[in-house]
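Bear in mind these aren't lab numbers, they're just calculated from the coordinates by the rules spelled out. No experiment lies behind these values; they were computed from the predicted model shown. Ideal geometry is used to build each Cβ from the backbone, glycine not excepted, and the neighbour counts take in all protein chains shown.
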Amino acid sequence: MTTECVWRKRQFGHRARLALTPAQVRVIDDQAHVSRTMWNLLHDWWTMLPKHKRSLARADAAIRQARKDLDWLAVLPAQAAQAVLKAYFQAWKNCWDGRADAPHFKSRIRSVMSVDIPQGRDLNIVRVHRRWGMVNLPKVGRVRFRWTRDLPVGKRATKDSRITGARLVKGALGWHIAFRVQILEVEPEPHQGAEVGIDAGVNLPLALSDGNHFDHGRPARLPDKTADRDKWLNREEKAKLRFLEQRAAHRKSFRKKRERSSNRLRNTYDQIKQLRATATRRAVDWQHKTTTRIAEQYGTVVVEQLNITNMVKSARGTIEEPGKNVAQKAGLNRSIGQEAWGRMGTMLMYKLAHRGGTLHKVPAPGTSLRCSACGFTTPGSREGQATFVCKNSGCGFEANADWNAARNILHLYRIGHVAIPAAGRCSRQARKRVKPTTAR
């Protein structure tokens, strides 16, 4: 029996924490500041020139001349400077194609500090032991990083499976390295798992149409102005966060208008960022584990097409027509933002595609108010946040409100009310065919 294996190239990113010395931190900080400054200089040079004189070759020549005239620009490696030019030119192409806004000036405070390493062969990655690896950073030297995933390095690296580059990114928890990984893998077979509808909520994060659910171990409560905004922190961390916020407010009260923040105030802000980054990492970890379990168990997953931007708009209103229950709506908006439904959908999409499954989206209106047993929408059926009791005469269906909505979501998909086509397995044009193999 002869079968034809269909291969595909898959690209993904892997982020790992770096273990840097204070001297190495200062070197990378300087490189990141020079990278941001070079972007701003390039932006000024580009916008000041007439349109007929703008070109990639002239911009490249200007960068080379600037690195010769200004010694401090040489702190940034030459390949990283070329990466800045490439990213800036791509930003304009995205603007011309209507995919993004025009590039703008990068401020020191609001911009993410980063340095690009476009060539993967310069990294020279070596695994030291089970938990640590070594990577070579230009003008920094050998640096340790946390080894949490097998990478195609050494003898495992081939032309099709390799690390194509990396980027150094600084966050609240320090410097990380984000590898750009490309691997060649066999096209997965269609997932034979069952179909399931998922309703995303606030009290119950994920409710499945088959009766299962996923929560993150916190007590359910109504989203109001006293809602827990830091549910991923323990009691000691919440107390420390509250203390740091009070200290920051106290120190900020002594700062005059347009006066530079003191070192103590910036240090307090950094500690607050670290605690919030810790909470975010825990939330992302829970989402990764949950979406992996769903992708491994189910072949077709159906979710709602939610316009989250409109859902989290403020209810404050205007002076002429002030809003009602503004504080309660603000608490609900915070709870929706913490659940990160958009990030959850993105994880489900690529994890299902990796395992041969598909993700579908259906229209959201009416799924939580319609009875999944009789199909009618009767006023007063939604009793509170957690209970659904159908008021239709002759029905009387009673169930958890989120589970009822999940059943409606799956029913909409089965009858063909799909808002977005299936996002799953790669298209046939993106696959790479190889020599047929013989299966016995």
Original post:
Helix 235-252 versus the longest principal axis of the chain: what is the Cα-based angle in degrees, 0 to 90, to the nearest 10?
Top reply: 60
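Using only the Cα atoms of the range 1-160, build the gyration tensor, take square roots of its eigenvalues as a ≥ b ≥ c, and label the shape rounded, prolate or oblate: rounded if a/c is under 1.5, else prolate if a/b is larger than b/c, else oblate. If you can, show how the numbers build up before the last one.
Details: a/c = 2.30, a/b = 1.36, b/c = 1.70.
The shape class here is oblate.
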**OP:** Could I have the simple spin-label model distance between Lys273 and Trp7, label points 7 Å from Cα toward Cβ, reported in nm to one decimal?
**Re:** 4.4
Subject >> Computed label-point distance, nm, for sites Thr387 and Arg156 using a 7 Å Cα→Cβ extension >> reply: 5.4
Original post:
For the range 252-400, what is the percent of antiparallel DSSP beta bridges, rounded to the nearest 5?
Top reply: 50
**OP:** Report the extension gain between His288 and Val75 in nm, rounded to one decimal, defined as 0.36 nm multiplied by the number of residues separating them, less their alpha carbon distance.
**Re:** 72.9 nm
**OP:** May I ask for the angle, rounded to the nearest 10°, between helix 401-414 and the longest principal axis of the chain, with both axes built from Cα atoms and the value confined to 0 to 90°?
**Re:** 80
Subject >> Rough spin-label spacing in nm, given labels placed 7 Å along Cα→Cβ, for Ala327 and Trp45 >> reply: 5.6
Original post:
What are the lysines whose alpha-carbon lies under 18 Å from the alpha-carbon of Lys51, with same-chain residues fewer than 8 places away excluded?
Top reply: Lys93
Subject >> GNM top mover of Arg407, Arg382, Arg251 - the chain, alpha-carbon springs below 10 Å >> reply: Arg251
Subject >> Tilt relative to the chain, helix 263-297 - C-alpha long axis, 0 to 90 degrees, to 10 >> reply: 50
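Using a Förster distance of 45 angstrom, determine the FRET efficiency expected from the C-beta separation of Lys257 and Arg131, and round it to 0.05.
Working: r = 49 Å, r/R0 = 1.09.
Computed FRET efficiency for Lys257 and Arg131: 0.35.
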Original post:
For Cα Rg over 2.2 N^0.38 Å, which listed value, (i) 1.09; (ii) 0.95; (iii) 1.18, comes from the coordinates shown?
Top reply: (iii)
Subject >> Those aspartates and glutamates that a straight Cα-Cα span of less than 17 Å connects to Lys351, excepting residues fewer than 8 apart in one chain >> reply: Glu185, Glu187, Glu189, Glu195, Asp285, Glu296
